[in-house]
Structures are given as C-alpha cells and as structure tokens.
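Since the structure comes first, as structure tokens, the remarks are kept for the end.
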Amino acid sequence: MSVAKPRGYRQLVAKDIDRVAVDEPLCHHNSWQIGGPADLFVEPANPTQVADVMCVVQEQQLPLVVIGQGTNLLFDDAGVRGVVMKIGARMDSIEIIGPRIVAGGGAWVPQLARLAMRVGLSGLEHCIGIPGTLGGLVMMNGGSHRRGIGEHVVRVTIVDQDASIHHVNADECQFDYRYSALQERGAVVVEVELECPPGNLADIRREMLLDLRERRRKFPRKQPNCGSVFLSTSEMHASVGPPGKIIEEVGLKGLRCGGAEVSRQHANFIVNIGGATSFDVLQLISRIRYEVRKQLDFDLRCEVRYVSPSGEICPADQVALQTGQIIE
Ligand SMILES: Cc1cc2nc3c(=O)[nH]c(=O)nc-3n(C[C@H](O)[C@H](O)[C@H](O)COP(=O)(O)OP(=O)(O)OC[C@H]3O[C@@H](n4cnc5c(N)ncnc54)[C@H](O)[C@@H]3O)c2cc1C
C-alpha cells in the first residue's frame, strides 16, 4: 500500500530539484541534534532551483523554512509541517578574483576564511571558527570579536518570495549587530560577493590560529550545541557583563532540564548531554532568563532562533513554553 505524499511533493519532484525528501529528521540538520521531521525537505543546487522551490511554495501555500547548517537554530520536537530548504554543500562554490570573493550561499565559512588566508586576503580572520554557511552568516551578520561579515559584503544575490532573483547591495542589507534587513524580507541568499583587502599571510594565519586556540580552550567541543545562546551586546558588557559571566554569577552553570545542560565549560552555551528535546532547551532558557532578571534585573535576549512547527522563526526567548506559541 503506498503512503500519500505531502502536498507539494509531486510539484517539487517535477521541477527536478536536486534532492527532495519526505519526513526528513531535522535532528540531522542542526548542531544541537534536536528536532522532529520536516514534511518536505529540499536541497537545491542552483538559484534557478531555489526559484522553482519558491514557486511551488507560493502555488501550494506551504510554510517555508530556509536553513544552512542549522548552527543557530532550535527545531521543535514536532518538526515542520511544510518545506525546509537547505542551502548547503550543493551550493558551496567559492571563486576568488583579486580582492573579490564570490561564493555560493552554501559555502562553508571556515573553508572560505581559509581560502582567503591562502591568497593573502584579510578581514575574515574572525570567521575562521564559525561553523555555518555564508548564507546563514550574512543573514545573521555573524562574526566574532565584535565584528560582522557585513563589513566585507559588496553584493548579495537573493531569491525573493515571489521567486524573482535580485542583487542587493550592502547598504540595502542594513547590517547591524547580528541583524540584516534580509531577515524581514524572507529572501534566500544564494550568492555573496565580498571584498577583502590584501594583508600579510603570516599575520592572517597567526590571528586565525589564535582564534581557533581560544575557541578550543573556552567552548565545549564534544557535546552538541548551538554556540552562544544569548546575545552579547557592548551595552550589556558595560552594564552587567557578558552573558556567560552573568549566568555563572547567578549560579546556573551545570543546571539541567532533561537532556539539556548549561555548559560547565562556558555558561552561554547549552549542551545536549543526550536525548535533549526542544522543550528541555526552551525550559532551560526560560529558567536562566528568570534567574538573571530576578537577581540582576537584566533581560537576556536570545541569539539562537526557534523554528515552530508552522515554520515561523523567532529568537528563542519569544516562545511561550506551554503552548509553543510565539510571543512578542
Ligand atoms: C560552536 C559554535 C560556535 C559559534 N560561534 C559563532 C560566532 O563566533 N559568531 C557568530 O556570529 N555565530 C556563531 N555561531 C552561530 C552560527 O554558527 C552562526 O550564526 C552561523 O552564521 C549560522 O549559519 P548556518 O548556516 O548554520 O545558519 P542556520 O543556523 O541554518 O540559520 C540561521 C538563520 O539564517 C537563515 N538562513 C540560513 N541560510 C540562509 C540562506 N541561504 N538564505 C536565507 N536565510 C538563511 C535561517 O533561516 C536562520 O534564520 C556558532 C555556532 C556554534 C555551534
């Protein structure tokens, strides 16, 4: 007896998208290793296929979630009742011409930073240890040492919700701390053009090695995690200090909810110590925020984003625990 396929499956297959899967376990597509199945999971191989997916999603009125490596995402235990589109290894080309780097949205950031270093281009040293895709990094304006990838972006090629392909310049992206205007547009980043000034290869390499050594020393490496859970702004540093320090100060290092634990190595990390659910993580986030508010009168905000079963994405602190609803 054949099992009925979800709405949109037939149309996606007809468009010849590189990979179309049904009931794909999302725990295989994020660094926390948490999350139920996606009704439909697609991995396009070029911008045209991305546009084709957008057409099907519009025609069939399906929820859509775009992901890279899922290193900043918490999927719900119920998964996603719609389409999850991964921009990953199938769109990871990298081309370097002089100071310009043109790379696919799925390019692996540490690989990109390493290639830039090898040809003596500077500016991406702070990205060497960020384990996501270029599309995810641009979307989040990610970076470290108080820097963001936006500093080097010249142009981003996106596929909009109506399946049209556009080039957007850096000004239009309105990069800010862990923010780009692309987040509100619901667009898919398919290609990014960066400009990086020439630098001294030995200096660039030294800086990258230092960064990697620091990360190995400070961050949990063996247990699945999603990097920093809470935002760390300069205003916060000036008033109460970095999130890891204040969570430790209020005595929450090692606190557990089910399979989720506040890392004993770095308190701004929540690690999956085995079988953690999205509910465990959300509960832990809620406990941490409650204690920090009570003891320090400070409202911690999440960098990590929660993906609801209906495909909405929001900072994980905006989720009502009992219902899984998103609150403002
Ligand atoms: C160990 C560890 C260390 C980390 N260190 C850092 C750090 O130093 N600095 C930092 O900024 N982050 C850090 N992170 C978080 C994370 O790696 C970054 O935010 C990264 O840029 C996310 O990339 P991703 O491909 O995993 O995106 P995902 O987590 O898959 O997605 C993140 C957001 O971007 C959107 N998105 C992803 N790809 C696309 C695309 N092609 N088009 C449109 N939207 C897209 C998603 O919808 C989602 O809203 C760390 C994470 C880990 C696990």
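The values are calculated or read from the model by the stated rules, or taken from the named source; none is laboratory data. These figures come from a predicted structure and were not determined experimentally. Here Cβ is always computed from backbone atoms with ideal geometry, including for glycine, and neighbour counts include all displayed protein chains. Surface accessibility is based on the protein's heavy atoms, side chains included, excluding ligands, DNA and RNA. Shrake-Rupley method; radii C 1.70, N 1.55, O 1.52, S 1.80 Å.
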Original post:
Residue check, Ser122 against (1) surrounded by fewer than 17 Cβ atoms within 10 Å (Cβ to Cβ); (2) polar (S, T, N, Q); (3) more than 15 Å from the ligand (Cβ to nearest atom), all met but one. Which one?
Top reply: (1)
**OP:** Scan segment 85-98 for residues that are touching a helix residue (DSSP H, G or I) at 6+ places or on another chain (Cβ under 7 Å) and either over 17 Å from Pro110 (Cα atoms) or within 12 Å of the ligand (Cβ to nearest atom) (or both) and report the count.
**Re:** 3
Original post:
Could you list, in sequence order, the residues of segment 150-170 that are touching a residue at least 24 places away in the same chain (Cβ under 8 Å) and among the β-branched types (Val, Ile, Thr)?
Top reply: Val153, Val154, Val156, Thr157, Ile158, Val159, Ile165
Original post:
Can you name the number of the only condition in (1) farther than 24 Å from Gly136 by Cα; (2) open to solvent by 40 Å² or more (accessible area, probe 1.4 Å) that Val240 fails?
Top reply: (2)
**OP:** Confirm whether Gly129 is touching a residue at least 40 places away in the same chain (Cβ under 8 Å) and either over 26 Å from Ser308 (Cα atoms) or open to solvent by less than 50 Å² (accessible area, probe 1.4 Å) (or both).
**Re:** yes
**OP:** Could you grab me the full set of residues in segment 132-169 that are open to solvent by 50 Å² or more (accessible area, probe 1.4 Å) and either within 13 Å of the ligand (Cβ to nearest atom) or outside any loop (DSSP other than H, G, I, E, B) (or both)?
**Re:** His145, Arg146, Arg147, Glu151, Arg155, Gln161, Ile165, His166, His167, Asn169
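For every residue, the table says whether it meets (1) in the same structural domain as Gly132 (by TED's automatic domain parsing); (2) modelled with pLDDT of 95 or more; (3) among the hydrophobic types (A, V, I, L, M, F, W, C).
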{"residue": "Val153", "(1), (2), (3)": "yes, yes, yes"}
{"residue": "Gly186", "(1), (2), (3)": "yes, no, no"}
{"residue": "Glu195", "(1), (2), (3)": "yes, yes, no"}
{"residue": "Leu210", "(1), (2), (3)": "no, yes, yes"}
{"residue": "Gln223", "(1), (2), (3)": "no, yes, no"}
{"residue": "Ile247", "(1), (2), (3)": "no, yes, yes"}
{"residue": "Gly254", "(1), (2), (3)": "no, yes, no"}
{"residue": "Gln265", "(1), (2), (3)": "no, yes, no"}
**OP:** May I ask you to list the residues in segment 79-119 that are closer than 25 Å to Gln161 by Cα, touching a residue at least 60 places away in the same chain (Cβ under 8 Å) and surrounded by fewer than 20 Cβ atoms within 10 Å (Cβ to Cβ)?
**Re:** Arg81, Arg90, Val102
